[in-house]
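Have a look at the structure below, then the notes.
Coordinate-derived values only; no laboratory data. The model shown is predicted, which means the values in this text are computed figures rather than measured ones. As a convention, Cβ positions derive from the backbone with ideal geometry for all residues, glycine included, and neighbour counts pool all protein chains shown.
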Amino acid sequence: MNMSSIARTAAVLLATGVAAAAQEPATSAALPSAGPPMSEGQGFTESGGAALYAQVCAACHQAGGEGATGAAAYPALLHNEKLASAGYPVTVLLYGQRGMPPLGRMMSDTQVAEVVNYVRTQFGNRYGDAVAPEDVKAARP
Amino acid sequence: MGSEMAEGSGFSRRNLIAMVGAAAGSAAAYQVMTSLGFAEESPYRGPIRLDGDPKGTSVLILGAGLAGMTAALELHRAGYRVQILEYNTRAGGRNWSLRGGDTYTELGGATQRCEFDAGLYLNPGPWRIPYHHHGVLDYCRRLGVALEPFVQLNHNAFLHSAAGFNGTPQRIRTVKADFDGATAELLAKATRKGALDAQVSKEDQEILIEALRSLGGLDKDLAYRAGPDSAEFRGYARDPGGGLSARPVDGEPMALHDILTGRLWRGLQNFLLYEFQTTMFQPVGGMGRIGEAFARALPPDTIRYGAKVTGLAQDAHGVTATYQDLGQGGAIRQAQADWCVCALPLTVLSQIPTQVGPKMKAAIDAVPYASSVKVGLQFKRRFWEEDEHIFGGISYTDLPIRQISYPSTGYNAGGKGVLLGAYTWNGPNSYEFTALSPAERVRRAVAYGSQIHPQYRTEFETGIAVAWHRVPFTLGCAGDWTDAARAEHYDNLCAIDGRIMLAGEHASYIPAWQESAILSALDAVTRLHKRVLAA
């Protein structure tokens, strides 16, 4: 699949997302476990930093923020001093960083703020200056 | 257009005219291009010829995927000394098949053992080859990789929406026939009423109506409705038979309103796009056969496996790669050569200290990697063939699994089979699947898929799930270029920087396809060879 077709598909999905979102989430009807439902449409639907982290960020940074290493690495978020400045994780989420995609573009301002505030107060990080959705909005491309 | 036709249909005259105009325009343009020979052209020009003596020049290649091995093969044939460093203990990179008995450990440590029966497999990465990917096809021919048709479009597979048609899967055949028929009827009747008088001559209008009747399955009244004309396209409620029960029963077409609001038409694009048009191919026995064949074609010991590159330096005389020898406890070693073709994914290369100029470094850092997840599911019997008469092809759904692909091999022979039970590409669900444990990915693929095939619940045996952002050797699926990033960085990414140049699907305009790995490598070694001969 090439980019143009991805873009076309995304556009089609976006254009029809409203109608789908109005429906009862039928996708969760047959879930085999008590696990959380998956998003519908082209934006993440999780709410709250813990859920966003567990269902999105943990894909690479792992459930406990420990990161992972293969031919290259996903940085650990445990005791990560780069999180001292709130602007850094906001920017990484909105603009991507090397191989990391700009996932914040599939999140609302509130969601980005929630998940940034979460990682900055979890995993041994103790940065109390919370980010507000308005800060995220101002930082968007 | 008559108001009775526009009512409730959501179609405006402007839209219809635009559709026809666009179709006629592109068809006409294509005809002109074909007659001039342009549309036949492909970037692949057949086996490259690197004439001239490189006089023992050495090239270090990083990565034994299709790009790295293409470069190695061609440079070796031209007289270069080549060596490849490869992180994995196998060749192929993303060209890969998981078969019964294989184990796979993803980032985070979860290990899966593939429990598929003999002969069954999952292609976690590339899985189909368009007929116009001449490079891949030519290497398959030259390397003796047998191909068989990959069925992309199966009219009897399903289109499915959790909400549309109350979640009942619809056959691709009927969705396509009924959409085409309904729109042909609208356009034919609008034409007859004079709605196109300003744009289309009377003579052409008659031909247009004739074409719409012929291609849309319209009856003599230009209606698309239950009857022999539509049944020849959409099939029958009861197929024609023999003897006393022979008389066919025509089916009732779906209402246009239901087709439009049910959104199943979205799936039809997957059969129309250039890159998915017939004929597509797959290697017999799994896509991994290509990588295996490349590795066999190289001189023995060309590839050093278990080599994790940790640094790449260069000076006026040559290149030096530092790597950990993973088979020897991570011992630090170095490899040197006159030149380097680096075919590592940018996710990996961007983290390796690399002695290149700021422009290439910025380009290396500028490309995020797409997310993708595939789940292979083995079932006790091929119920899709036995119960539903689906032989190969793909069903599309708006459930998080997105697709179910039926095996394009081993048809009609009974026994077990492996479905591709999920294939996500970017979007929230791809990350959400990745964040789950492998076992939970499989469980969800079974649960979602059972909404389309209830037989899942009793026939499922075993599954395996590969989430590309957790693949240790790529940390992502494929380069996810934006137009802006490409405009700023692409040429710098592909340029020769001192004695280093890059190759791989990321260094192409057809990312995520194997063809691009091959084309980028051929382009790179051709330029490298010119540089070497000129020195």
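What are the principal axis extents of the Cα atoms in region B:489-531, in Å, biggest first?
So the three principal-axis extents are 28, 21, 11 Å.
How far is helix B:13-36 tilted off the main Cα axis of chain B, in degrees rounded to 10, range 0 to 90?
50
With a 10 Å Cβ neighbour count serving as the proxy for reagent exposure, in which order, fewest first, do A:SER47, B:SER372, B:SER245 appear?
So the ranking, lowest neighbour count to highest, is B:SER245, A:SER47, B:SER372.
About its Cα centre, what dipole magnitude does region A:48-141 give when the only charges are +1 on Lys and Arg Cβ and -1 on Asp and Glu Cβ, stated in debye to the nearest 20? Mind dumping the intermediate values first?
Values: 7 positive and 7 negative charges, 40 e Å.
It comes to approximately 200 debye.
Averaged over its residues, how many other protein chain Cβ atoms are within 10 Å of peptide A:104-110's Cβ atoms?
Per residue, the average neighbour count from other chains is 1.
Sort B:404-414, A:54-64 by packing, meaning the average of other beta carbons within 10 Å per residue, with the highest value first. Intermediate results must be reported in sequence, preceding the final value.
On the way: B:404-414: 17.9, A:54-64: 20.7.
Final packing ranking: A:54-64, B:404-414.
Work from the charge dipole of chain B (Cβ charges, +1 for Lys and Arg, -1 for Asp and Glu, about the Cα centre) and give the residue of B:ILE290, B:MET280, B:PRO428 farthest towards its positive end.
The residue sitting farthest along the positive end of the dipole is B:ILE290.
Whose amide H sits under 5 Å from the amide H of B:GLY65, counting only residues 5 or more places off or on another chain, with H placed in the peptide plane?
The list, which skips near neighbours in sequence, is B:GLY92.
Work from the charge dipole of region A:48-141 (Cβ charges, +1 for Lys and Arg, -1 for Asp and Glu, about the Cα centre) and give the residue of A:GLY49, A:GLN111, A:ALA76 farthest towards its positive end.
Going by the Cα projections, it comes out as A:ALA76.
Residue by residue through B:351-364, how many Cβ atoms from other chains fall within 10 Å of the Cβ on average? Numbers along the way, then the final one.
Values: counts 7, 2, 0, 0, 0, 0, 0, 0, 0, 0, 0, 0, 0, 2.
So the per-residue partner count for this stretch is 1.
Give me the percent relative contact order of region A:48-141, please, defined on Cα pairs under 8 angstrom at least 6 residues apart. Walk me through the intermediate numbers first.
Values: 124 pairs, mean separation 27.4, N = 94.
Computed value for region A:48-141: 29 percent relative contact order.
Counting DSSP beta bridges in chain B, what percent are antiparallel, to the nearest 5?
Values: 51 of 69 bridges.
Just about 75 percent of them are antiparallel.
Which pairs, out of B:LYS176/B:LYS202; B:LYS308/B:LYS361; B:LYS176/B:LYS220, put more than 26 Å between their alpha-carbon atoms?
Working: B:LYS176/B:LYS202 29 Å; B:LYS308/B:LYS361 20 Å; B:LYS176/B:LYS220 21 Å.
Where the Cα-Cα span goes over 26 Å, the pairs concerned are B:LYS176/B:LYS202.
For chain B, what is the calculated [θ] at 222 nm in deg cm²/dmol (nearest 500), taking -39500 (n - 2.57) for each run of four or more DSSP H residues and dividing by its residue count? Mind showing how you got there, number by number?
Details: 18 runs with 187 residues, N = 535.
The per-residue figure over chain B is -10500 deg cm²/dmol.
Got a sec? Charge dipole of the protein assembly as shown, +1 on Cβ for Lys and Arg, -1 for Asp and Glu; which of B:LEU62, B:PRO43, B:CYS494 is way out at the positive end?
B:LEU62
For a test of the definition: using alpha carbon positions, the gyration tensor, and the 1.5 limit on a/c, classify chain B as rounded, prolate or oblate.
prolate
What order, most packed first, do the peptides B:119-131, B:263-275, B:513-525 have when packing is the mean number of other Cβ atoms within 10 Å of each residue?
On the way: B:119-131: 21.5, B:263-275: 17.5, B:513-525: 26.2.
Order by mean packing, descending: B:513-525, B:119-131, B:263-275.
Above 24 angstrom, tally the Cα pairs of region A:48-141 and express them as a % of all pairs, no decimals.
Details: 467 of 4371 pairs.
Of all Cα-Cα pairs in region A:48-141, 11 percent lie more than 24 Å apart.
Run the dipole for chain B about the Cα centre, Lys and Arg Cβ at +1, Asp and Glu Cβ at -1, nothing else charged, and hand back the magnitude in debye, nearest 20.
Numbers: 52 positive and 54 negative charges, 223 e Å.
The dipole magnitude comes to about 1080 debye.
By how many degrees, 0 to 90 and rounded to 10, does the Cα axis of helix B:202-216 deviate from the longest principal axis of chain B?
Rounded to the nearest ten degrees, it is 80.
Just counting partner chain Cβ atoms within 10 Å, what average do the residues of peptide B:470-481 show around their Cβ? All intermediate terms of the calculation are to be shown ahead of the outcome.
Details: counts 6, 2, 5, 3, 4, 11, 5, 0, 3, 2, 6, 2.
Partner-chain Cβ atoms within 10 Å, mean over residues of B:470-481: 4.
Counting DSSP beta bridges with both partners in the protein assembly as shown, what percentage is antiparallel, nearest 5?
Details: 54 of 72 bridges.
That works out to approximately 75 percent antiparallel.
If you average the C-alpha positions of region A:40-93 and of region B:41-103 separately, how far apart do those two centres end up, in angstrom?
35
Take the Cβ-Cβ distance between B:SER245 and B:HIS132 as r, set R0 to 45 Å, and report the resulting FRET efficiency rounded to the nearest 0.05. Before the final figure, lay out the partial values.
Values: r = 46 Å, r/R0 = 1.01.
Result of the calculation: an efficiency of 0.50.
Could you list B:ARG173, A:ARG98, B:ARG45 in order of exposure, starting from the residue whose Cβ has the fewest other Cβ atoms within 10 Å? Please report the intermediate quantities before stating the final value.
Values: B:ARG173 16, A:ARG98 19, B:ARG45 12.
Result, fewest neighbours first: B:ARG45, B:ARG173, A:ARG98.
Starting from the Cα gyration tensor of the protein assembly as shown, take the square roots of the eigenvalues, sort them a ≥ b ≥ c, and report rounded, prolate or oblate (rounded when a/c is under 1.5, otherwise prolate if a/b is larger than b/c, else oblate). Mind dumping the intermediate values first?
Working: a/c = 1.68, a/b = 1.42, b/c = 1.18.
It comes out prolate by the Cα gyration axes.
Based on the mean of other beta carbon atoms within 10 Å per residue, what is the order of B:79-91, B:329-341, B:146-158, most packed first?
Those peptides, ordered most packed to least, come out B:79-91, B:146-158, B:329-341.
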